[in-house]
1. List the pairs whose first member sits in segment 102-122 and is touching a residue at least 24 places away in the same chain (Cβ under 8 Å) and at negative phi, whose second member is assigned to a loop (DSSP other than H, G, I, E, B) and of a type in the set (Gly, Ala, Ser), and whose Cβ atoms are under 7 Å apart, counting only residues at least 6 apart or on separate chains?
2. Would you mention how many residues in segment 171-205 are of a type in the set (A, V, I, L, M, F, W, C), at pLDDT 75 or above and surrounded by 15 or more Cβ atoms within 10 Å (Cβ to Cβ)?
3. Can you report the number of residues in segment 292-314 which are surrounded by 15 or more Cβ atoms within 10 Å (Cβ to Cβ) and part of a helix (DSSP H, G or I)?
4. Residue under question is residue 26, and the condition is that it be crowded, with 22+ Cβ neighbours inside 10 Å, touching a strand residue (DSSP E or B) at 6+ places or on another chain (Cβ under 9 Å) and either farther than 19 Å from residue 170 by Cβ or among the basic types (Lys, Arg) (or both); does it hold?
5. Determine which member of the set 98, 106 is in the same structural domain as residue 62 (by TED's automatic domain parsing) and in contact with a Lys or Arg (Cβ under 9 Å, 6 or more places away or on another chain).
6. Pull out all pairs, ordered by first then second residue, where Cβ-Cβ is under 6 Å, the residues are six or more apart or on different chains, the first lies in segment 234-257 and is on the phi > 0 side of the Ramachandran plot, and the second is buried (at least 18 other Cβ atoms within 10 Å of the Cβ) and not in a strand (DSSP E or B).
7. State yes or no: is residue 272 of a type in the set (Lys, Arg), in a helix (DSSP H, G or I) and more than 30 Å from residue 215 (Cβ to Cβ)?
8. Of all residues in segment 104-124, count the ones that are more than 22 Å from residue 58 (Cβ to Cβ) and surrounded by fewer than 21 Cβ atoms within 10 Å (Cβ to Cβ).
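The values are calculated or read from the model by the stated rules, or taken from the named source; none is laboratory data. Quick caveat: nothing in here was measured; it's all calculated off a predicted structure. Backbone-built Cβ (ideal geometry, glycine too); neighbour counts: all protein chains shown.
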Amino acid sequence: MNELREKIKAYKKKINEVKREIHKGLIGQDEVIDSVLICIACRGHVLLESVPGLAKTLLVKLLTETVEGAKFQRIQFTPDLLPSDITGTTVYEEKKGFYTVKGPIFANFVLGDEINRTPPKVQSAMLQAMEERIVTIGKKTYPLPKPFIVLATQNPLEQKGVYPLALAQVDRFLFKIFVDYPKEDDEIRILNQNVQVMKIEEFGIRKILTPEEIIDMQECVKSIRISEEVKEYIVDIIHATRYPEEYDIEYSKYLQWGASPRATIGLSLAAKATAMINGRTFVIPNDVRAVAHNVLRHRLVLNYEGKARAISSDDIIDSIIENVPVH
């Protein structure tokens with residue numbers, strides 16, 4: 001236990017250093033940065049949603065810069081993209097014969113820019129990689145590098161030339177994070193810094209973590225203790241998304257489908273990672289509440305009436321957190 005406590009203390013310090021380095025180039029967005037780091041700590045993928053221009057891509061680039069020897073790839077999703085453009089393909093040359101050319105998915109951090117701009121056939125190419133962390137090219141299967149994290153972005157405003165993500169793919173993202181507009185004070189600082197004209201190298205980002213340390217940190221998260229009472233609390237929250245009438249949940253009549261068991265596992269892992277980032281070896285109910293929106297908002301399916309009335313899944317999650325008691 002002492003060894004675990006020391007590890008958690010060390011990783012909490014490193015994560016705080018990573019945040020400081022990211023803030024050299026990114027003003028504000030503290031909650032978004034914290035959420036992305038929590039997701040990485042529990043080996044999850046992240047879906048970032050916002051209007052254009054809120055520094056989603058910059059965040060991912062700065063984060064990658066803090067990891068020594070990490071390979072970063074950016075995939076710009078477009079309507080004419082092919083699955084092989086992501087995973088790779090088998091090529092034939094007269095002197096070399098058949099050989100495999102690996103695609104950009106073979107990286108530690110993969111930024112999928114505007115993932116909803118590409119057809120479902122291409123989106124599905126990501127499914128095997130995100131869930132199993134392997135890729136099949138031709139007749140051969142290749143493991144992806146460790147760690148492997150997908151950070152995808154999407155613009156919710158576009159209606160033309162976009163393809164809504166299939167529920168099966170959305171469920172592969174541990175977190176869906178909304179990136180909001182910066183506060184006024186932060187925007188003044190953004191204006192003064194004028195980061196648009198600066199290169200990533202000019203921010204002087206220090207290397208804080210190694211890929212091996214990220215893998216060890218992910219293993220460390222698994223060792224965080226979670227009591228039976230907190231486990232029951234997590235299960236009750238998930239149960240409330242499926243049978244909201246049992247908990248007197250507001251807007252329950254607009255909820256068509258609740259969260260899957262993958263959400264139960266994700267909520268538990270994310271709560272453990274939150275405990276670790278806060279320097280604790282055990283999970284408390286506040287850890288669960290802190291990550292509930294990010295884990296659940298993309299897993300709740302509203303019915304037609306709920307969509308027509310512009311009810312958000314966050315409204316329902318608020319009511320669940322308020323009405324589900326801790327044992």
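1. So the pair list comes out as 108/70; 109/70; 117/161; 120/166.
2. 9
3. Adding up the residues that qualify gives 7.
4. On the way: crowded, with 22+ Cβ neighbours inside 10 Å: yes; touching a strand residue (DSSP E or B) at 6+ places or on another chain (Cβ under 9 Å): no; either farther than 19 Å from residue 170 by Cβ or among the basic types (Lys, Arg) (or both): yes.
No, not satisfied.
5. On the way: 98 fails: in contact with a Lys or Arg (Cβ under 9 Å, 6 or more places away or on another chain).
Unique residue meeting the criteria: 106.
6. 251/311; 251/316
7. Numbers: of a type in the set (Lys, Arg): yes; in a helix (DSSP H, G or I): yes; more than 30 Å from residue 215 (Cβ to Cβ): no.
When the stated conditions are applied, residue 272 does not pass them.
8. Selection size over segment 104-124: 5.
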